Ligand code: ASP
């Protein structure tokens, strides 16, 4: 009897509630966020923190899948070619602005293949070396590289990766080419730097801070105009006399092109909530970064920023004549 009485009003309301339920049903299964670099690196770290916090707001699971290789283009291709239903997303970095010029042949459209959902964060980079490298300051490192340039190598995550761009700036500040060693992401490259099989790497503070603090690698400089609060003892490249060696790495969230606007808006709302999550903000700060302001975690702000950055890099890459193919 009790059951019947409770069930009746619900049944009576069912036809009215149906459209609202249909709309509220996104997501009704796990969302996959593709990271176009190996696990354990900075893009992966940012994506996992964001995915967890977004999942809480969306009331569903957001899983991260690492599709590394080819400087971040393989993972981006996977998302550009995925069903535009909001269930396959991409977290990528500054490479989204450089890849369209660096790669003249790609199996996907690097400019029009995506709907930007929102910016996430901008992360300083650090120039770091293996613990046993025979230099403790930038001046000593420059002298060492000038003496033994052909024997010093520099790890990166492939052409178009942030570590590649940062490495180019370092080499042009020195006016010396170094041997580069590409990885599927700077997560595995960090393992080799700690193990001493590679000598140097440029990478985001989200991957280097804990190793620097633990003393398992050496830090020579941060690549921002001012020092980074979480690494107060590390000088800037500007202080080290290399004012043109500056770069920070922005990250954004993307859906495939033609994802319905309501879904992009819902995802962007969840991103904005995630970026205010206290645990996420604290973890970002520990790793030397902050989430972007809320108005930047929107599709329009992301699109404008992405387009402006791609326009900034195009002539630089064209003038350097260094293409990936
Ligand atoms: N930080 C890397 C880069 O762009 C990529 C990664 O592994 O997240 O060089």
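The values are calculated or read from the model by the stated rules, or taken from the named source; none is laboratory data. Keep in mind the model is a prediction, meaning the values are calculated, not measured. Cβ placement follows ideal geometry from the backbone for every residue including glycine, while neighbour counts extend to all protein chains displayed.
What to note about this one:
- Residue match in region 129-146 (condition: touching a residue at least 60 places away in the same chain (Cβ under 8 Å) and closer than 30 Å to residue 301 by Cβ): no
- The set of residues in region 247-263 that are touching a residue at least 24 places away in the same chain (Cβ under 8 Å) and farther than 25 Å from residue 160 by Cβ comprises 260, 262, 263.
- Selection of region 168-190 for residues being within 19 Å of the chain's Cα centre (by Cα) and assigned to a loop (DSSP other than H, G, I, E, B) yields 183, 184, 185.
- Scanning region 144-162 for residues that are within 16 Å of the ligand (Cβ to nearest atom) and not in a helix (DSSP H, G or I) yields a count of 9.
- Residue list for region 311-325, restricted to those being in contact with a helix residue (DSSP H, G or I) (Cβ under 8 Å, 6 or more places away or on another chain) and in a helix (DSSP H, G or I): 312, 313, 314, 317, 318, 320
- Some residue of region 77-88 being surrounded by fewer than 20 Cβ atoms within 10 Å (Cβ to Cβ) and farther than 20 Å from residue 270 by Cβ: yes
- None of 165, 193, 141 is in a helix (DSSP H, G or I), crowded, with 21+ Cβ neighbours inside 10 Å and more than 14 Å from the ligand (Cβ to nearest atom) except 141.
- Just one of the listed residues (198, 247) is within 14 Å of the ligand (Cβ to nearest atom) and over 20 Å from residue 68 (Cβ atoms), namely 247.
- Selection status of residue 276, touching a residue at least 24 places away in the same chain (Cβ under 8 Å) and surrounded by fewer than 22 Cβ atoms within 10 Å (Cβ to Cβ): no
- Here residue 243 meets the list (1) surrounded by 13 or more Cβ atoms within 10 Å (Cβ to Cβ); (2) closer than 23 Å to residue 127 by Cα almost entirely, failing just condition (1).
- Unique residue being more than 27 Å from residue 178 (Cα to Cα), part of a helix (DSSP H, G or I), at pLDDT 95 or above and touching a strand residue (DSSP E or B) at 6+ places or on another chain (Cβ under 6 Å) when the list is 253, 267: 267
- Residue 224 vs. criteria crowded, with 21+ Cβ neighbours inside 10 Å, in contact with a strand residue (DSSP E or B) (Cβ under 8 Å, 6 or more places away or on another chain) and assigned to a loop (DSSP other than H, G, I, E, B): no
- Residue in region 219-237 that is modelled with pLDDT of 95 or more, under 18 Å from residue 41 (Cβ atoms) and out of contact with any helix residue (DSSP H, G or I) (no Cβ under 8 Å at 6 or more places or on another chain) present: no
- Residue count for region 281-301, restricted to those that are outside any loop (DSSP other than H, G, I, E, B) and touching a residue at least 24 places away in the same chain (Cβ under 8 Å): 8.
- Qualifying residues in region 39-74 (those that are surrounded by 24 or more Cβ atoms within 10 Å (Cβ to Cβ) and more than 23 Å from residue 272 (Cβ to Cβ)) - the one nearest to the ligand (Cβ to nearest atom): 41
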